[in-house]
Amino acid sequence: MDERDILTFMTNKPYRKNVGMVVFNSFGKVIVGERIQFPGSWQFPQGGIDEEEDYLEAAKRELYEELGIKKATYVTEYPDWIPYDFPNSLGLNSHLQKFRGQLQRWILFYWDGGLDECDLIHHEQEFLTIRHMEIEETIQAVVEFKRPVYEKFVPIFKAAIQNYIAENVKTK
């Protein structure tokens, strides 16, 4: 295949449906994880949507699989699907090579548990560690190829977090 054939092949691949979860606490801090494949980069949990699975159910399942969180409260979601392409340098797992990138739906959850309550290893471990961060910091903390996605939903979720806390969280 020459370069033009590779480009045609890449652009004709489908996107993998995926869901991303932003979890915040009563202080407005969000949980981010340091991905095993990208040490030094921090991102929100995300995962594939199974065949015939509703994206909200996928979000709850993935939240449990990646962080061990079972009882987070749904707050809102970004209104559109957001696509991103995998960079050629990614070195994808075999099951992802058939995809051009991912088509994501982003969901915002409230959970006021401690990081020590999270379980990163009960399923297939994806994060080396997790921490809290200000949501606007995540745009620079995530791997570069995902930044345009974060730039879309982060401002909307920041406002939703502030509104939720003002309306629902009692000050301590």
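Readers should treat all values here as calculations from the given coordinates under stated rules, not as data from a laboratory. Since the structure is predicted, the reported quantities are computational estimates derived from the model, not experimental observations. Heads up, the Cβs are rebuilt from the backbone with ideal geometry, glycines too, and the neighbour counts pull from every protein chain shown.
Maximal additional length on extending the Glu136-Glu51 stretch stands at 27.3 nm, based on 0.36 nm per residue less the C-alpha distance. Among beta bridges identified by DSSP and lying wholly in the chain, the antiparallel ones come to about 65 percent. In order along segment 67-74, the Karplus-derived 3J(HN,Hα) couplings, from 6.51 cos²θ - 1.76 cosθ + 1.60 at θ = phi - 60°, round to 10, x, 8, 9, 10, 7, 9, 5 Hz, and Gly and Pro are given as x.
The string of couplings for segment 56-62 from the Karplus curve (6.51, -1.76, 1.60, θ = phi - 60°) is 5, 5, 4, 4, 5, 5, 5 Hz, one whole number per residue in order, with x for Gly and Pro. Normalised by the number of residues in the chain, the average gap of Cα pairs under 8 Å and 6 or more apart makes the relative contact order 32 percent. Near the amide H of His123, within less than 5 Å, lie no amide hydrogens of residues on another chain or at least 5 residues away, with H placed in the peptide plane. Once divided by 2.2 N^0.38 Å, the Cα radius of gyration of segment 3-168 becomes 1.03.
Can you give the net charge of the other residues whose Cβ lies under 9 Å from the Cβ of Gly20, counting K and R as +1 and D and E as -1?
So the environment of Gly20 carries a net charge of 0.
Taking Lys and Arg as +1 and Asp and Glu as -1, the other residues whose beta-carbon sits under 15 Å from that of Asp54 total -3. Cβ crowding within 10 Å, taken as a proxy for footprinting-reagent exposure, orders Phe24, Phe99 from fewest neighbours to most as Phe99, Phe24. Taking a Cβ cut-off of under 14 Å around Gln97, the surrounding Lys, Arg, Asp and Glu residues balance to a net charge of +3, with basic ones at +1 and acidic ones at -1. Under 5 Å from the amide H of Ile49 lie the amide H atoms of Lys17, Asn18, Val19, each residue being 5 or more positions distant or on a separate chain, with H modelled from the backbone and absent for Pro and chain starts.
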